[in-house]
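These notes are about the structure you will find just below.
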Amino acid sequence: MAKRVQDQKPARAKDAQAWLTENIAEQKKRFQAIVKEMEELGPEREKWVEEFLHIVQTRGFNADGDRRVIIKPEQIAKKPKGPHKVIF
Amino acid sequence: MARPHIEPYVELNEPFKKFDIAGFKGSHYKVLSLDVDTGACTLKVRFDGGYKRKPGMSYSDVEIFVLNGTIKVGKEKWVEGHYAFIPAGVATGAIEVPQGAEAIVMYNDGEPTFVESDRNHRLALTAASKAFNTYVDAPWAPGNLVSPSVASGCLIKVLHYDPLTEAISFLYCMTPQFAQDNISYHDCAEESYHIWGTSWMMQFGDLPTGGYFWRPPYINHGSFRCKYGTIAFGRTDSKLHNYFHYNPWTNPDENKLRAAAKLYRARPELYQWMASDGHNHPHGPPDFEFADYQDDSQVRLLHGHPVGKSSGARKKKARRK
């Protein structure tokens, strides 16, 4: 087995663990704020989706680079029930 | 759960915090994203005028992209647009920042660590070291380095390529009036920091200057617009393949199934072999070309195996089932 520098790392120092704990807590808050912000964007996103679906059926969908393919109405997926989630 | 999905995050209005870990005192930071298991992170760091640090190394691979100011590193001067990949254990020269500087600093394997040393660790993979100015010493290339590719008007400079994981670090730009009418997702995590400019994605809206995302695999993004142009620093954690489609409502599980179905169709022998009994190699099958690849820290982290003192829980939990 080839040894790597990373395997020689000493146990995490107390100050580093405290730094990590503090910043993980802040990141959780940041994540929740992003989720809220993205949920609030929902109504506007609905319009963007509508516009996108119109474009792919008229000007086409970028299948590869600048090659566009016009999508037929029957190829458009039905919107599922429930909120449109974008953050996972 | 590794790094959560942080998108979009605009850091410019957030305050810097004092960096109080040994080796970093005298600088300030903002966390852009943080792996809660390993401590691997992407930071925006502000080095105040007068910052000094003795020569030393980290136990993690480190990447640095200088946003502004001048950082003296040993005999080199790193200025705006400078990129460095510093493998774990490689000692960098003394650092001095006479008049202040800001940089994106990435620790790939663990939390920020610094050990004072004027010589490399005996296990350091020194050949991977690089430091150059991306604005001056790297040409723009078309964005079609993978197929299917992005539309014309998205250009790229590849700064670092990991031959084992095929992860890349890169600069990219979108020309004014760039548009791409598809929805994309990838098998890899993707990260970006907007150095300048605003772009737009159908799911997340505008991402302006100072905007950042860390996006786990299989998450829809696009269509895309950029009105006045954008330049950004980006990374992936493994191979980038563009899965394009036009269903706005799919979730990561469905996207992953679609990716697996593509593998089933396009590489049937490999798929059947991997799916069959007795070929479940949890640490990866043997590779006559890269015999030691299972020991590589990035490969291990991607598969949720321990690295150093980390729990190794990273991707196993984060990647979608």
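The values are calculated or read from the model by the stated rules, or taken from the named source; none is laboratory data. Note that the coordinates shown come from a computational prediction; the quantities given were computed from them, not determined experimentally. Because the Cβ atoms are built from the backbone with ideal geometry, glycine has one as well, and the counts that use them run over all protein chains shown. For the accessible areas, the whole protein counts, side chains as well, though only heavy atoms, and no ligand, DNA or RNA atoms are used. Shrake-Rupley method; radii C 1.70, N 1.55, O 1.52, S 1.80 Å.
Among residues belonging to segment A:58-88 that are polar (S, T, N, Q) and at the interface with chain B (Cβ under 9 Å from one of its Cβ atoms), point out the one that is most open to solvent (accessible area, probe 1.4 Å). Walk me through it before giving the result.
Residues of segment A:58-88 that are polar (S, T, N, Q), as a first pass: A:58, A:62, A:75.
Keeping just the survivors that are at the interface with chain B (Cβ under 9 Å from one of its Cβ atoms) gives A:62, A:75.
Values: A:ASN62: 4, A:GLN75: 85 Å².
Taking the candidates together, the pick is A:GLN75.
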Do you know which of the residues in segment A:6-36 that are open to solvent by 30 Å² or more (accessible area, probe 1.4 Å) and among the polar types (S, T, N, Q) is farthest from B:ALA128 (Cα to Cα)?
A:GLN32
Lone unmet requirement of (1) assigned to a loop (DSSP other than H, G, I, E, B); (2) at pLDDT below 95; (3) surrounded by 20 or more Cβ atoms within 10 Å (Cβ to Cβ) for B:TYR218
(2)
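Which ones in segment B:85-112 are among the small types (Gly, Ala, Ser) and touching an Asp or Glu at 6+ places or on another chain (Cβ under 7 Å)?
Residues of segment B:85-112 that are among the small types (Gly, Ala, Ser), as a first pass: B:88-89, B:91, B:93-94, B:100-101, B:103, B:110.
Answer for segment B:85-112, where residues must be among the small types (Gly, Ala, Ser) and touching an Asp or Glu at 6+ places or on another chain (Cβ under 7 Å): B:ALA88, B:ALA91, B:GLY100.
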Go through segment B:69-89 and report how many residues are surrounded by 20 or more Cβ atoms within 10 Å (Cβ to Cβ) and free of Cβ contacts under 8 Å to residues at least 24 places away in the same chain.
0
Would you call B:PHE233 open to solvent by 10 Å² or more (accessible area, probe 1.4 Å), part of a strand (DSSP E or B) and of a type in the set (A, V, I, L, M, F, W, C)?
no
Residue check: is B:TYR228 aromatic (Phe, Trp, Tyr), surrounded by fewer than 20 Cβ atoms within 10 Å (Cβ to Cβ), out of contact with any Gly (no Cβ under 6 Å at 6 or more places or on another chain) and within 27 Å of A:ILE55 (Cα to Cα)?
yes
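Among residues belonging to segment B:113-148 that are part of a strand (DSSP E or B) and within 13 Å of another protein chain (Cβ to nearest Cβ), point out the one that is farthest from B:ILE21 (Cα to Cα). Break it down into steps so the answer makes sense when it comes.
Residues of segment B:113-148 that are part of a strand (DSSP E or B), as a first pass: B:115-116, B:130-133, B:141-142.
Pick out the ones that are also within 13 Å of another protein chain (Cβ to nearest Cβ) and you get B:115, B:142.
Working: B:VAL115: 12, B:PRO142: 41 Å.
Filtering segment B:113-148 for residues that are part of a strand (DSSP E or B) and within 13 Å of another protein chain (Cβ to nearest Cβ), the one farthest from B:ILE21 (Cα to Cα) comes out as B:PRO142.
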I'd like to verify a number: residues in segment B:271-294 that are within 14 Å of another protein chain (Cβ to nearest Cβ), part of a helix (DSSP H, G or I) and modelled with pLDDT under 90, how many?
0
A:LYS3 passes all but one of (1) more than 7 Å from every other protein chain (Cβ to nearest Cβ); (2) farther than 25 Å from B:HIS245 by Cα; (3) exposed (fewer than 13 other Cβ atoms within 10 Å of the Cβ); (4) not hydrophobic (A, V, I, L, M, F, W, C); which number fails?
(1)
Whichever residue in segment B:238-262 is of a type in the set (A, V, I, L, M) and open to solvent by less than 60 Å² (accessible area, probe 1.4 Å) and, among such residues, is nearest to A:GLU50 (Cα to Cα)
B:ALA259
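Regarding B:ILE104, is this residue farther than 24 Å from B:LEU123 by Cβ and either away from chain A (no Cβ under 14 Å) or of a type in the set (A, V, I, L, M) (or both)? Break it down into steps so the answer makes sense when it comes.
Numbers: farther than 24 Å from B:LEU123 by Cβ: yes; either away from chain A (no Cβ under 14 Å) or of a type in the set (A, V, I, L, M) (or both): yes.
Criteria met by B:ILE104.
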Which number in (1) touching a residue at least 40 places away in the same chain (Cβ under 8 Å); (2) outside any helix (DSSP H, G or I) marks the one condition that A:ILE34 misses?
(2)
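Can you pull out the residues in segment B:263-297 that are more than 30 Å from B:LEU123 (Cα to Cα), open to solvent by less than 80 Å² (accessible area, probe 1.4 Å) and either in contact with a helix residue (DSSP H, G or I) (Cβ under 6 Å, 6 or more places away or on another chain) or charged (D, E, K, R) (or both)? Don't jump to the end; show me each part of the working.
Our first condition is that a residue be more than 30 Å from B:LEU123 (Cα to Cα); within segment B:263-297, this holds for B:263-280.
Pick out the ones that are also open to solvent by less than 80 Å² (accessible area, probe 1.4 Å) and you get B:263, B:266, B:268, B:270-271, B:275-276, B:278-279.
The answer is B:LEU263, B:TYR271, B:HIS279.
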In segment B:204-215, which residues are surrounded by fewer than 21 Cβ atoms within 10 Å (Cβ to Cβ) and outside any loop (DSSP other than H, G, I, E, B)?
B:GLY205, B:ASP206
Residue count, segment B:181-203, condition within 24 Å of B:LEU257 (Cβ to Cβ), outside any loop (DSSP other than H, G, I, E, B) and open to solvent by less than 10 Å² (accessible area, probe 1.4 Å), comes to 3
Return yes when A:GLU39 is open to solvent by 70 Å² or more (accessible area, probe 1.4 Å), part of a helix (DSSP H, G or I) and at the interface with chain B (Cβ under 8 Å from one of its Cβ atoms) and no when it is not.
no
Are any of the residues in segment B:97-110 open to solvent by 70 Å² or more (accessible area, probe 1.4 Å) and assigned to a loop (DSSP other than H, G, I, E, B)?
yes
Counting only residues that are away from chain A (no Cβ under 12 Å) and either at pLDDT below 95 or farther than 29 Å from B:ILE231 by Cα (or both), which one in segment B:49-68 is least open to solvent (accessible area, probe 1.4 Å)?
B:GLY56
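Considering only segment B:157-167, how many residues are on the phi < 0 side of the Ramachandran plot and either open to solvent by 20 Å² or more (accessible area, probe 1.4 Å) or of a type in the set (Asp, Glu) (or both)?
Our first condition is that a residue be on the phi < 0 side of the Ramachandran plot; within segment B:157-167, this holds for B:157-165, B:167.
Restricting the remaining residues to those that are either open to solvent by 20 Å² or more (accessible area, probe 1.4 Å) or of a type in the set (Asp, Glu) (or both) gives B:158, B:160-164.
Number satisfying all stated conditions: 6.
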